[in-house]
Amino acid sequence: MTDTPQQVAMGYIKGVFGIKGWLKIAANTEYADSLLDYSEWQLAKNGSRLNVILEEGKLVSGELQVKFRGIDDRDAAFALRGYTIEIPRSEFAPAEEDEYYWADLVGMNVTNSDGLLLGTVKNLMETGAHDVLVIEGKYGQKLIPFVSQYILEVDTGNRTITADWGLDY
């Protein structure tokens with residue numbers, strides 16, 4: 001999946017459901033049905049982009065199923081398989097205090113409390129107990145739990161994270 005500063009990849013179309021144009025969605029969000037909060041989606045695949053309007057959506061046994069305006073049969077729906085779902089970052093609700101969207105953390109530089117640049121956030125992992133920053137840089141890959149014990153400061157303005165983390169951890 002590809003992200004641009006304006007568009008954030010939120011999942012992809014994994015298949016079709018039924019004969020009336022419904023699609024199965026693999027959401028890369030904490031709650032799959034949170035994608036239903038956005039009425040307009042941009043779909044991207046192999047350099048091609050489509051704007052679609054969400055007509056209906058529902059969560060069935062933990063799986064998100066959606067119907068787009070103008071996609072009214074199985075063949076039209078099948079043609080959308082594999083498209084990445086992108087939402088404009090500007091449409092996200094403001095994050096609560098001391099909460100961050102993963103999309104905002106990716107790309108931030110991470111330094112330790114000694115001022116040493118550990119690397120850049122490449123991704124995050126969900127472990128069940130807490131999220132983990134995946135940092136890549138000069139000293140290899142570092143996995144840092146995203147908890148207050150190790151994360152001292154997140155400066156969104158300067159796009160930096162300060163962590164209590166040594167090179168030998």
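The values are calculated or read from the model by the stated rules, or taken from the named source; none is laboratory data. Since the model is a prediction, treat every value here as computed from it, not as a measurement. Quick reminder, even Gly has a Cβ in these numbers, built from the backbone with ideal geometry, and neighbours come from all protein chains shown.
Looking at (1) of a type outside the set (G, A, S); (2) farther than 30 Å from V66 by Cα; (3) assigned by TED's automatic domain parsing to the domain that holds S48, which one does I85 not meet, given that it meets all the others?
(2)
Select, from L124, L152, L133, the only residue that is in contact with a strand residue (DSSP E or B) (Cβ under 6 Å, 6 or more places away or on another chain) and over 14 Å from Y100 (Cβ atoms). Step through it out loud before you land on a result.
Numbers: L124 fails: over 14 Å from Y100 (Cβ atoms); L133 fails: over 14 Å from Y100 (Cβ atoms).
Sole residue among the options that is in contact with a strand residue (DSSP E or B) (Cβ under 6 Å, 6 or more places away or on another chain) and over 14 Å from Y100 (Cβ atoms): L152.
Quick check on D72: is it among the charged types (D, E, K, R), more than 21 Å from the chain's Cα centre (by Cα) and part of a loop (DSSP other than H, G, I, E, B)?
Details: among the charged types (D, E, K, R): yes; more than 21 Å from the chain's Cα centre (by Cα): yes; part of a loop (DSSP other than H, G, I, E, B): yes.
So D72 fits the description; yes.
What pairs can you find where one residue is in the stretch 102-128 and surrounded by 13 or more Cβ atoms within 10 Å (Cβ to Cβ), the other is of a type in the set (F, W, Y), and their Cβ atoms are less than 6 Å apart, with a gap of 6+ or different chains?
Once the first residue is surrounded by 13 or more Cβ atoms within 10 Å (Cβ to Cβ) and sits in the stretch 102-128, its partners that are of a type in the set (F, W, Y) give N112/W165; L124/W102.
Restricting attention to the stretch 75-93, does a residue exist that is among the polar types (S, T, N, Q) and part of a helix (DSSP H, G or I)?
At the first step, the residues of the stretch 75-93 found to be among the polar types (S, T, N, Q) are 84, 90.
From what's left, part of a helix (DSSP H, G or I): 90.
Checking the stretch 75-93: at least one residue is among the polar types (S, T, N, Q) and part of a helix (DSSP H, G or I).
Condition test on G82, is it at positive phi and either more than 17 Å from the chain's Cα centre (by Cα) or among the aromatic types (F, W, Y) (or both)?
On the way: at positive phi: yes; either more than 17 Å from the chain's Cα centre (by Cα) or among the aromatic types (F, W, Y) (or both): no.
Spelling it out, it is not the case that G82 is at positive phi and either more than 17 Å from the chain's Cα centre (by Cα) or among the aromatic types (F, W, Y) (or both).
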